[in-house]
1. Under 5 Å between amide hydrogens, which residues at least 5 positions from A95 or on another chain qualify, with H placed 1.01 Å from N in the peptide plane?
2. Run the numbers for T174 and E90: contour at 0.36 nm per residue of separation, minus the present Cα-Cα distance, in nm.
3. Looking only at the chain, where both bridge partners belong to it, what percent of the DSSP beta bridges are antiparallel (to the nearest 5)?
4. For Y34, list long-range residues whose amide hydrogen, built 1.01 Å from N in the peptide plane, is under 5 Å from its own amide hydrogen.
5. Going by amide H atoms built from the backbone, whose H comes under 5 Å of the H on H142, apart from near neighbours?
6. How far apart, in nm, are two points set 7 Å out from the Cα along the Cα-to-Cβ line at L6 and at R238?
7. Listed highest first by mean packing, meaning other Cβ atoms within 10 Å per residue, what order do 126-139, 109-122 come in?
8. Relative contact order, percent, of the chain when contacts are C-alpha pairs under 8 Å separated by at least 6 residues?
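Computed from the coordinates by the stated procedures, all read-outs in this text should not be read as laboratory data. None of these values were measured; they are calculated from a predicted model. Cβ sites come from the backbone with ideal geometry, for glycine too, and all protein chains shown count toward neighbours.
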Amino acid sequence: MEDYVLSLLCDPDTRYALEMAGVNLRNTATGRIYPIRDGIPLFVSTVTGSNLKYQILYDRIAPGYDLAERLYHWFTRKPNYRLDFISELELKPNARVLETSVGTGANLRYLPRDIDFYGVDISWGMLRKCQRNLLQWKRNAHLFQAEAERLPFKVEAFDCVFHVGGINFFTDKTRAIKEMIWVAKPGTKIVIVDETERAIRENYQRTPIVKNSYGPGSEKVKCPIDLVPPEMKEISAREICGGKLYCLTFRKPH
């Protein structure tokens with residue numbers, strides 16, 4: 001692991017700095033070990049609540065996730081929705097960028113090549129698929145298995161922080177938003193995108209492999225604008241992609 005990457009990391013529970021200990025990471029104060037597997041540091045230990053449910057789901061669907069998405073867009077003739085929210089990101093040259101719930105890394109293909117990109121996901125299956133995609137696309141990124149509610153980064157580490165897909169069903173949405181704010185530099189615009197209730201009903205509840213996760217009795221989704229701390233600036237939310245997604249944006253004050 002490069003020294004500059006290590007300098008950004010911390011124990012997600014204690015915030016103490018980490019150091020290399022052989023092939024693993026070690027908390028400099030408590031001695032706690034975080035393993036590194038196939039080049040990906042692992043910060044996930046005991047997963048509970050909705051996070052566990054969806055970790056299992058995404059591990060299962062990871063191998064065919066990209067193909068299923070391509071087929072969906074081909075059959076429905078839907079335009080590429082990513083362009084609707086990528087334009088919200090404020091990406092300066094050589095920016096250090098964090099995406100929580102990076103999935104298979106599909107959003108990275110639409111970002112400049114000169115950025116320093118970090119991706120976090122709870123699903124090991126999605127991260128491994130992301131690794132393979134990066135090799136195919138000849139793109140570089142630093143990947144971490146971690147919960148969005150427990151980000152393993154020091155305060156004010158990133159110039160750009162965004163999340164696409166997943167927060168609707170996080171175990172603790174409020175904490176996840178606070179973590180994104182914690183790792184963002186002052187003045188950073190934070191972008192959060194996920195599906196509307198309409199999209200959940202129309203898309204996933206008809207799909208056999210995931211309909212039990214999104215079916216009747218599942219939590220109703222809504223844009224978490226009410227969970228954004230009131231001290232944030234320029235808080236705004238709008239629907240994009242024909243009402244299938246919401247895009248929540250706000251700025252961390254200086």
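1. So A95 has HN proximity to D116.
2. Numbers: separation 84, 0.36 × 84 = 30.24 nm, distance 2.33 nm.
That pair, T174 and E90, stretches by 27.9 nm at full extension.
3. Values: 23 of 42 bridges.
Antiparallel: roughly 55 percent of the beta bridges in the chain.
4. L25, R26, N27
5. The list, which skips near neighbours in sequence, is F117, Y118, G119.
6. Each label point is offset 7 Å from its Cα along the Cβ direction, giving 4.5 nm.
7. On the way: 126-139: 16.8, 109-122: 18.8.
So the order, starting with the most tightly packed, is 109-122, 126-139.
8. On the way: 438 pairs, mean separation 43.0, N = 254.
About 17 percent, as a whole number.
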